[in-house]
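Novice: One structure, as structure tokens, below. Some questions next.
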Amino acid sequence: MDSSDPKINRREFLHKGAVVAAGGAALSSTALSYTRIAGANDRISLGHIGVGNRGSELDGIVASLKDQKNVEMTAVCDLWTHNVERAMAANQQFYGKAPRALRHPQELLALKDVDAVLISTPEHSHSPLLKMSAGAGKDTYCEKPMGNVLEEVKAARDAVLVKNLIVQIGTQHRSERYQIAVRDLVRSKVLGEATKYEIEWNYHGPRWRGRPEVKMIREQDTDWQTWLMGKPSRPFDPQLYFEFRLYKDFSSGIPDQWMSHGIDLCHFFLDEKYPASVVANGGVFAWHDGRENPDTFQALFTYSSGLLVSYATSFGNDAPSFTRIMGKNATLINHGGEGSPRWQMVEEKGNHEDDPTVDSRRAVKDVTLSDDKSLPPTFIGDEDPSHMTNWLDCLRSRKQPNATVHHGYAHSVACIMAAQAYWSGKKLYWDPRAEAILDHAP
């Protein structure tokens, strides 16, 4: 086989060359990964599974990078006909031609010319679909949380690692420059030893209830049994279909959707992995609309490094949100909740009650980490496209991206533990050797 053959492009040559001659034995996972490197002039062909509201946002971000990164959305997949038609029309505008339209994920994953896929389906299907995608040998961008069933998250992680694939989990704050600057500042030890980390993100309203699509969908326009993704069969329920974050068999709600970002940033800033223990409490206190998951929630985590982490959300009051990283020398305070670049540093002066000659006032100063001029020129709405940019770059370089399956597994473990602690009313522990959640210290 000659790579100069005009009938064989570079990608085909590399893929066909990914078999050793001796009996056709497979190359090592590392070697296989490097045979997938696309040339600088090769267009990366993407497929997208789950093109609802979040999927539409991701499609827009990819399209904003299509010329810079030489990518094209060539196939879209969704169980609901309306979503597929909308995605086809949007991508027709983006690329001048419509992508292929598919209903079932297996159909898209079987396409040999699709190099990588995006998954932005409801969260109960993230891990099963990521495992399927890895089994098909596809690099993947998978929305967060990576999963909400421990065994499924493990299986997805292991499937990705076996193939040495390039998988980016959608905790996009890991790629934002002002959050990277916070991480570097924390790791410079300017705060001293951090012993407490507080997260408070609030919202006033019946979050996730009242989706207009509930009145639009008809059972014959989707595949309900496939949507359940292995959950016990039940009658078609359009509210569950679109408002799944309110129902405990499909989502934990606040932990899966909001805390996954908050706890992942904690892990990112402080170089943590798994909590040692967790307790959680809350309830449906504000919106008695049939939801099962709490609208008011709080979790307390301990980490073996000597760190207490508090996460709290109320949907009944929009009190100012913040993140506070408390060290012995100083405190970093973020004003505004998830993704906010507004940080302040407060220096600790210590307690000198016995010596009135010592100035015990604390110095407060703004920390300039980013401004409008530093944002990328392709800034999309409220979202920095750096996370997608990072993944697309890594598809070519074969370097691991900013939010790997290891990071996704760690935030998923924290969220799963918090949800189980809430529903069981027990203090739960993580056994890192067995990778198991226990109701007693390991």
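The values are calculated or read from the model by the stated rules, or taken from the named source; none is laboratory data. Worth saying up front: this structure is predicted, and the values here are computed from it rather than measured. Here the Cβ is made from the backbone with ideal geometry for all residues, glycine too, and neighbour counts use every protein chain on show.
Novice: So which residues in the stretch 118-157 are over 22 Å from Arg245 (Cα atoms) and assigned to a loop (DSSP other than H, G, I, E, B)?
Specialist: Within the stretch 118-157, Ala136, Gly137, Lys138 qualify.
Novice: Here's something else I'd like to know. Give the stretch 154-175 a look and list any residue that's surrounded by fewer than 21 Cβ atoms within 10 Å (Cβ to Cβ) and touching a residue at least 60 places away in the same chain (Cβ under 8 Å), or say none.
Specialist: First, the residues of the stretch 154-175 that are surrounded by fewer than 21 Cβ atoms within 10 Å (Cβ to Cβ): 154-155, 158-159, 161-164, 175.
Across the stretch 154-175, the qualifying residues are Lys154, Leu161, Val162, Lys163, Asn164, Ser175.
Novice: Against the condition in a strand (DSSP E or B) and at pLDDT 95 or above, how does Phe268 come out, does it pass? Can you show your working first?
Specialist: Numbers: in a strand (DSSP E or B): no; at pLDDT 95 or above: yes.
Here the answer is no, as Phe268 does not meet what is asked.
Novice: Determine whether the stretch 165-174 contains at least one residue that is of a type in the set (A, V, I, L, M), over 14 Å from the mean Cα position of the chain (by Cα) and farther than 30 Å from Lys349 by Cβ.
Specialist: Taking the stretch 165-174 and keeping what is of a type in the set (A, V, I, L, M), we get 165-167, 169.
Remaining after also requiring over 14 Å from the mean Cα position of the chain (by Cα): 165-166.
Narrowing further to those that are farther than 30 Å from Lys349 by Cβ: 165-166.
Yes: the stretch 165-174 contains one or more residues that are of a type in the set (A, V, I, L, M), over 14 Å from the mean Cα position of the chain (by Cα) and farther than 30 Å from Lys349 by Cβ.
Novice: Checking Met345 against (1) buried (at least 16 other Cβ atoms within 10 Å of the Cβ); (2) assigned to a loop (DSSP other than H, G, I, E, B); (3) at pLDDT below 95, which single condition isn't satisfied?
Specialist: Checking Met345 against (1) buried (at least 16 other Cβ atoms within 10 Å of the Cβ); (2) assigned to a loop (DSSP other than H, G, I, E, B); (3) at pLDDT below 95, the one that fails is (2).
Novice: A further question on this structure: Just the residues that are among the acidic types (Asp, Glu) and in contact with a helix residue (DSSP H, G or I) (Cβ under 9 Å, 6 or more places away or on another chain), please, taken from the stretch 421-442.
Specialist: So the first thing to find is which residues in the stretch 421-442 are among the acidic types (Asp, Glu), and the list is 431, 435, 439.
Correct list: Glu435, Asp439.
A quick yes/no check of all residues on (1) more than 24 Å from Ala312 (Cβ to Cβ); (2) of a type in the set (A, V, I, L, M, F, W, C); (3) surrounded by 14 or more Cβ atoms within 10 Å (Cβ to Cβ):
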{"residue": "Val186", "(1), (2), (3)": "no, yes, yes"}
{"residue": "Tyr203", "(1), (2), (3)": "no, no, yes"}
{"residue": "Pro206", "(1), (2), (3)": "no, no, yes"}
{"residue": "Arg211", "(1), (2), (3)": "yes, no, yes"}
{"residue": "Gly290", "(1), (2), (3)": "no, no, no"}
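Listed here are the residues, each with its yes/no results for (1) assigned to a loop (DSSP other than H, G, I, E, B); (2) of a type outside the set (Asp, Glu); (3) touching an Asp or Glu at 6+ places or on another chain (Cβ under 7 Å); (4) modelled with pLDDT of 95 or more.
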residue	(1), (2), (3), (4)
Arg361	yes, yes, no, no
Lys373	no, yes, no, no
Pro376	yes, yes, yes, no
Leu395	no, yes, yes, yes
Asn402	yes, yes, no, yes
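Novice: Within the group Ser64, Ser56, which residue is of a type in the set (S, T, N, Q), within 24 Å of Met146 (Cβ to Cβ) and surrounded by fewer than 23 Cβ atoms within 10 Å (Cβ to Cβ)? Walk me through how you get there before you give the answer.
Specialist: Numbers: Ser64 fails: within 24 Å of Met146 (Cβ to Cβ).
Being of a type in the set (S, T, N, Q), within 24 Å of Met146 (Cβ to Cβ) and surrounded by fewer than 23 Cβ atoms within 10 Å (Cβ to Cβ) holds for just one of Ser64, Ser56, which is Ser56.
Okay, residues lined up against (1) of a type in the set (Gly, Ala, Ser); (2) free of Cβ contacts under 8 Å to residues at least 12 places away in the same chain; (3) in the same structural domain as Ser251 (by TED's automatic domain parsing):
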{"site": "Asp59", "(1), (2), (3)": "no, no, no"}
{"site": "Asp67", "(1), (2), (3)": "no, yes, no"}
{"site": "Asn70", "(1), (2), (3)": "no, no, no"}
{"site": "Ala87", "(1), (2), (3)": "yes, no, no"}
{"site": "Ala90", "(1), (2), (3)": "yes, no, no"}
{"site": "Phe94", "(1), (2), (3)": "no, no, no"}
{"site": "Pro128", "(1), (2), (3)": "no, no, no"}
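Novice: Could you grab the pairs with beta carbons closer than 7 Å, sequence gap of 6+ or different chains, first residue in the stretch 407-427 and under 13 Å from Val149 (Cβ atoms), second one among the hydroxyl-bearing types (Ser, Thr, Tyr) and buried (at least 24 other Cβ atoms within 10 Å of the Cβ)?
Specialist: Cβ pairs passing all conditions: Cys415/Ser252; Cys415/Ser260; Ala419/Ser252.
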